[in-house]
1. Please give the strands (runs of 3 or more DSSP E) falling wholly within the stretch 1-113 in which 2 or more residues are at pLDDT 95 or above and crowded, with 19+ Cβ neighbours inside 10 Å.
2. Could you tell me whether Y174 is of a type in the set (F, W, Y), part of a helix (DSSP H, G or I) and surrounded by fewer than 19 Cβ atoms within 10 Å (Cβ to Cβ)?
3. Go through (1) surrounded by 17 or more Cβ atoms within 10 Å (Cβ to Cβ); (2) β-branched (V, I, T); (3) in contact with a strand residue (DSSP E or B) (Cβ under 6 Å, 6 or more places away or on another chain) one by one and return the number of the condition V183 breaks.
4. Starting from residues that are in contact (Cβ under 8 Å) with a residue 12 or more places away in the chain and part of a loop (DSSP other than H, G, I, E, B), keep the ones in the stretch 122-139 and report whichever is surrounded by the most Cβ atoms within 10 Å (Cβ to Cβ).
5. Please enumerate the residues belonging to the stretch 147-171 that are among the aliphatic types (A, V, I, L, M) and without any contact (Cβ under 8 Å) to a residue 40 or more places away in the chain.
6. Working carefully through the options D142, D146, find the one that is over 23 Å from V187 (Cβ atoms) and either among the aromatic types (F, W, Y) or crowded, with 16+ Cβ neighbours inside 10 Å (or both).
7. Would you please list the contacts, defined by Cβ atoms under 7 Å and residues six or more apart or on different chains, that run from a residue in the stretch 172-198 that is closer than 17 Å to I18 by Cα to a residue that is charged (D, E, K, R) and outside any helix (DSSP H, G or I)?
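The values are calculated or read from the model by the stated rules, or taken from the named source; none is laboratory data. Keep in mind that what you see is a predicted model, and the values were worked out from it rather than measured. All Cβ positions, glycine included, derive from the backbone under ideal geometry; neighbour counts span all protein chains shown.
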Amino acid sequence: MKRIAILLSGRGSNFKAIYEAINSGFIKDAEISVVISDKKEAKGLEFARDNGLNAIFVNPKDFGDRKGYDLELVKILKNANVDIICLAGFMRIISEEFVNAFENKIINIHPSLLPSFPGLNAQKQALEYGVKFTGCTVHFVDAKVDNGPIILQAVVEVKQDDTVETLSDRILKYEHKIYPMAVKLLVEDKIKVEGRKVIIFD
């Protein structure tokens, strides 16, 4: 049984997609062992509590710096014996100490076709650049923002009348498909990382 941790800051829609994929049996032999948020009122944390999951608020204000906060998260995650860490709208840049503690075990979803449009407001960046296609990317997390090896991507057409909101909503539907797929591959040990290349086994 693989143990999954979810880190989130907001509504946790990708967390819910992973949770539902486990409950439906799409992802087998896995459980969500802990859900952590840096926001006390995060809707995702509320959803976790409502569904009987171990939900923890860790207040960044209780720590002097990012490193101290991240080391506390590392301690919680190691105590929970997690195998996979999913960032699901976790709006913090995690430190090198955190990444090194869980090499090739932390994954994230980003609303663009990386390496294009990393960082914040990816959908706005895509519209301003005038691309005809964008999408979303599940990738491993390393010490740089939105830089780790790519696991899965989905392509989304940009329509002429798109706004940030309409494009974001359409991308989100694909996020909810490919994030559980990536988790499933990890749970089933069907992923190998060689440098920047991710090899997926049948």
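1. On the way: elements: 2-8, 30-37, 55-57, 84-87, 106-110.
Output list reads 2-8, 30-37, 84-87, 106-110.
2. On the way: of a type in the set (F, W, Y): yes; part of a helix (DSSP H, G or I): yes; surrounded by fewer than 19 Cβ atoms within 10 Å (Cβ to Cβ): yes.
Considered against the rule, which asks whether it is of a type in the set (F, W, Y), part of a helix (DSSP H, G or I) and surrounded by fewer than 19 Cβ atoms within 10 Å (Cβ to Cβ), Y174 comes out as yes.
3. Looking at each condition in turn, V183 falls short on (3).
4. Looking only at the stretch 122-139, we keep the residues that are in contact (Cβ under 8 Å) with a residue 12 or more places away in the chain, and these are 122-127, 129, 131-139.
Those left that are additionally part of a loop (DSSP other than H, G, I, E, B): 131-132.
Numbers: V131: 16, K132: 9.
Residue satisfying both the conditions and the ranking: V131.
5. Within the stretch 147-171, the subset among the aliphatic types (A, V, I, L, M) is 150-152, 154-156, 158, 164, 167, 171.
Correct list: L152, A154, V156, V158.
6. Numbers: D142 fails: over 23 Å from V187 (Cβ atoms).
Residue meeting the stated conditions: D146.
7. Short answer, once both residue conditions are applied: V187/K2; V187/D29.
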